[in-house]
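Each remark here refers to the structure printed beneath this line.
Taken together, the values in this text are just the output of simple stated rules run on the coordinates, not laboratory data. These numbers were taken from a predicted model, which means no experiment stands behind them. Note that we place each Cβ from the backbone using ideal geometry, even for glycine, and neighbour counts take in every protein chain shown.
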Amino acid sequence: MAILSDKWIRRMAKEHGMIDPFCEGQRREGIISYGVSSYGYDIRITDEFKIFTNVNNSIVDPKNFDDKAFVDVKADVCIIPPNSFALARTLEYFRIPRDVLVVTLGKSTYARCGIIINVTPLEPEWEGHITIEISNTTPLPAKVYANEGIAQLLFYQGNETCETSYRDRKGKYQGQRGITLPRML
C-alpha cells in the first residue's frame, strides 16, 4: 500500500470528480487551512451542525438512535458545549476509486485546543459527504468554524484492487448527503 501525493490527488479530482468542489492549493489567509497538501487534502465543513444535548433525556443507542439528542444549528461558528460533541458534514462530496482507501484525521490546530475529530475510513468506491464528529474534550465551550479546514484526508492505494468494494456490498452510508445519523439495515 502506498500513500498518494498531491499530484495524484489533483489528477483524480480534475479527471474523475473525486473531490467536488476541489481546492487546487492550500488556503491559509487568516483561516484554518484547507485544500491540497503534500500528501493529503484538508477538508471543510458547512454551516450546518447537530449539537449533542441531553435536554430530552435521550439514551445514546446506535441501533435505535434518537435524533432528539441533537439541536440543529445553522451558523458560521458552532459552539460545542464542554465535554460534548457536534456533527457536521463536509462541504466536499467524494467519489473514492476502487483501489483507494482514505483515512480522515483531525487537524493539529484543533487538536491543540482539545477538539478531536474521529478517525474515519472512506472505503473503496464509497461516495458521499463525510459526516464529521467533532468532540470537545475540554471543560470549556469550544468554537469550530464553518467553511474552514476541519480534518485531513490521507489517500492510500492498494497493491491490488479489492475484491468487494463498499458500492458492491451496498453499504448503508453510500451516497449520503447532509449530516447522516447512525443507521441500521
Exercise for the section: May I ask you to sort L105, L4 by Cβ crowding, counting other Cβ atoms within 10 Å and putting the fewest first? Expected result: L105, L4
Handout entry: Estimated inter-spin distance, I79 and K170, nm [label 7 Å along Cα→Cβ]
Key = 4.6 nm
Fill in the blank from the handout: Here the longest stretch of the chain that holds no GluC sites (Glu not before Pro) in a DSSP loop having at most 13 other beta carbon atoms within 10 Å is 30-159
Completion exercise
Magnitude of the Cβ-charge dipole (Lys and Arg +1, Asp and Glu -1) of segment 3-54 about the Cα centre, nearest 20 debye, reported as 160 debye
Fill in the blank from the handout: Surpassing 24 Å at the alpha-carbon level, of the pairs K7/K143; K143/K172; K7/K74; K107/K143; K74/K143; K50/K143, are K7/K143; K143/K172; K7/K74
Problem - the chain, dipole about Cα centre (Lys/Arg Cβ +1, Asp/Glu Cβ -1), debye to the nearest 20 - result: 80 debye
Practice task
Fewest Cβ neighbours within 10 Å first, please rank H129, H16 accordingly.
Solution key: H16, H129
Practice task
Have a look at segment 1-156 and give its Rg and Dmax from the Cα atoms, expressed in angstrom.
Solution key: 16.0, 49
Completion exercise
Note, segment 29-37: 3J(HN,Hα) by Karplus (6.51, -1.76, 1.60, θ = phi - 60°), whole Hz, Gly/Pro = x, goes 4, x, 10, 7, 4, 8, x, 5, 10
Handout entry: segment 64-141: trypsin sites (Lys or Arg not before Pro) falling in loop per DSSP and having at most 14 other Cβ within 10 Å
Key = R98, R112
Exercise for the section: Please get the size of the charge dipole for segment 92-170, origin at its Cα centre, with Cβ charges of +1 on Lys and Arg and -1 on Asp and Glu, quoted in debye to the nearest 20. Expected result: 320 debye
